[in-house]
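Some notes on the structure that comes next.
The values are calculated or read from the model by the stated rules, or taken from the named source; none is laboratory data. None of these values were measured; they are calculated from a predicted model. Glycine gets a Cβ as well: all are built from the backbone with ideal geometry, and neighbour counts include every protein chain shown.
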Amino acid sequence: MNRTSGFTLIEVLVAIVVLGAGLLGLAALQGQALKANSSALQRSQAVMLAYFMLDAMRANPTAARNGDYDLGTPGSPDTPHCTAPTASNLVTRDQAAWLTALKTNLGNANTTCGLIACSSASCTVKVFWDDSRAGGASAQVIEVTSRL
């Protein structure tokens, strides 16, 4: 009676193939997690930047209620504003700082834009950006409406 103990070469190769397939699956999962995390970061930054602009308008409520902060044209479809204004009064400096922060944090692309529409009662701020690099839809929009 010949008893062999231990593993054969075929069993070792099968174990390595199974382990390799599992590690490849983990690597793909890690890549997807990084994309989702990047997309979530951009969404969080877009919301914070919308509140940044609303806070600037709360500091200057008369100008905001008069429509001085309005940028772009709301409608269907919206027409956002994508370039920073160059005048040197408080409102345009706030707008320029906001649009520059959008480009810095969400990508310096032609699709990174903002829209501000105020009425006497409330203001709406929309942030537009491209999220295709992070695995999301190419056109993303965050809209925040607040009373001043």
*Of the residues L106, L115, which single one is at pLDDT below 95 and surrounded by 14 or more Cβ atoms within 10 Å (Cβ to Cβ)?*
L106
_Would you confirm whether or not the stretch 6-20 contains a residue that is surrounded by 12 or more Cβ atoms within 10 Å (Cβ to Cβ) and either within 16 Å of F128 (Cα to Cα) or free of Cβ contacts under 8 Å to residues at least 24 places away in the same chain (or both)?_
yes
_I'd like the full set of residues that are surrounded by fewer than 18 Cβ atoms within 10 Å (Cβ to Cβ) and either more than 14 Å from A46 (Cβ to Cβ) or of a type in the set (V, I, T) (or both), limited to the stretch 125-147._
S132, R133, G135, S138, V141, V144, T145, S146, R147
*asked:* Restricting to the stretch 108-140, name every residue that is within 11 Å of the chain's Cα centre (by Cα) and touching a residue at least 60 places away in the same chain (Cβ under 8 Å).
replied: V127, W129, D131, R133, A134, G136, Q140
*Working only within the stretch 59-72, note down all residues that are within 16 Å of L99 (Cα to Cα) and touching a Leu at 6+ places or on another chain (Cβ under 8 Å).*
L71, G72
